[in-house]
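**Student:** For reference, the structure I am asking about is given below.
The values are calculated or read from the model by the stated rules, or taken from the named source; none is laboratory data. Values in this document were obtained by computation on a predicted structure and should not be read as measured data. Glycine gets a Cβ as well: all are built from the backbone with ideal geometry, and neighbour counts include every protein chain shown. Remember, those area values only see protein heavy atoms, side chains included, never the ligands or the DNA or RNA. Shrake-Rupley method; radii C 1.70, N 1.55, O 1.52, S 1.80 Å.
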Amino acid sequence: MSEHRSFPKPVPRLIDRLARQRADDAALRVCYRQVDVRDHFACRCCGRRLVKTLTLCPARAEHHHLVGRWIAPMLRADVRNIIAVDAECHGKLTRHELLVKAATFYRIEGRTYPNADGPLAFT
């Protein structure tokens, strides 16, 4: 005698989580491509031509979030929050040896954030 189920079989949450992560990663890749085109494949700090490579060279293309991904997760794939930099400048930005001064800002949910689409100064 077989058991009758009156409710649907549960869908594993792992499948939903993986699909959501893949969609987030795809959105981030699209955002990175838009940032590269906006910044003309050059470092926003020093103007060096960026190279897309996996090797650890100073001219390697990287992307820096002006506001951290964990501080403002809704800005993770926002073009206005990301700049294209080389590996050398990215290290300096991460270690806070270079500071970013934005000329323009935008608001989301009542908070003000620096706008990477506008001019930036690095000190």
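**Student:** Please give the charge dipole size of the chain, origin at the Cα centre, charges +1 on K and R Cβ atoms and -1 on D and E Cβ atoms. Round to the nearest 20 debye. It would help to have the intermediate numbers written out before the result.
**Tutor:** Details: 22 positive and 13 negative charges, 28 e Å.
Around 140 debye, computed over the chain.
**Student:** Sticking with this structure for a sec: May I ask you to give the percent of accessible area on the chain that is carbon plus sulfur, with a probe radius of 1.4 Å? Please report the intermediate quantities before stating the final value.
**Tutor:** Details: 5030 of 8680 Å².
Using a 1.4 Å probe with all protein chains present, the chain comes out at 58 percent carbon and sulfur.
**Student:** May I ask you to list the lysines whose Cα is less than 26 Å away from that of LYS101, ignoring any residue fewer than eight positions away on the same chain?
**Tutor:** Result set, ordered by chain and number: LYS92.
**Student:** Please give, to one decimal in nm, the separation of the simple spin-label points placed at ALA27 and CYS46, each 7 Å out from Cα toward the Cβ.
**Tutor:** 3.4
**Student:** Sorted by mean Cβ packing within 10 Å, highest first, what order do the peptides 26-32, 108-114, 37-43 take?
**Tutor:** Highest to lowest by the protection proxy: 37-43, 26-32, 108-114.
**Student:** Using only helices, what value at 222 nm comes out for the chain when you add -39,500 (n - 2.57) per DSSP H run of length 4 or more and divide by the total residues, to the nearest 500 deg cm²/dmol?
**Tutor:** Value at 222 nm, helices only: -9500 deg cm²/dmol.
**Student:** Taking amide hydrogens as modeled 1.01 Å from N in the peptide plane, which residues meet the under 5 Å criterion relative to LEU50, leaving out close sequence neighbours?
**Tutor:** Those lying under 5 Å, H to H, from LEU50 are ALA42, CYS43.
**Student:** Further question on the same structure: Within the stretch 60-77, whose backbone N sits under 19 Å from a point 7 Å along Cα→Cβ of GLU109?
**Tutor:** So the set is 65-77.
**Student:** While we're looking at this one, here's another question. Express the accessible area of the chain per residue in Å², computed with a 1.4 Å probe while the remaining protein chains stay in the model.
**Tutor:** Spelled out: the 1.4 Å probe surface of the chain, per residue, equals 71 Å².
**Student:** Mind checking the full-extension length gain between PHE7 and ARG38? Use 0.36 nm per residue of separation minus the Cα-Cα distance, one decimal, nm. Each step should come with its number before you reach the end.
**Tutor:** Working: separation 31, 0.36 × 31 = 11.16 nm, distance 5.11 nm.
Residue separation times 0.36 nm, minus the Cα-Cα distance, leaves 6.0 nm.
**Student:** Something else: Residue separation times 0.36 nm, minus the C-alpha to C-alpha distance between LYS101 and ALA121: what's the value?
**Tutor:** Between LYS101 and ALA121, full extension yields 6.7 nm more.
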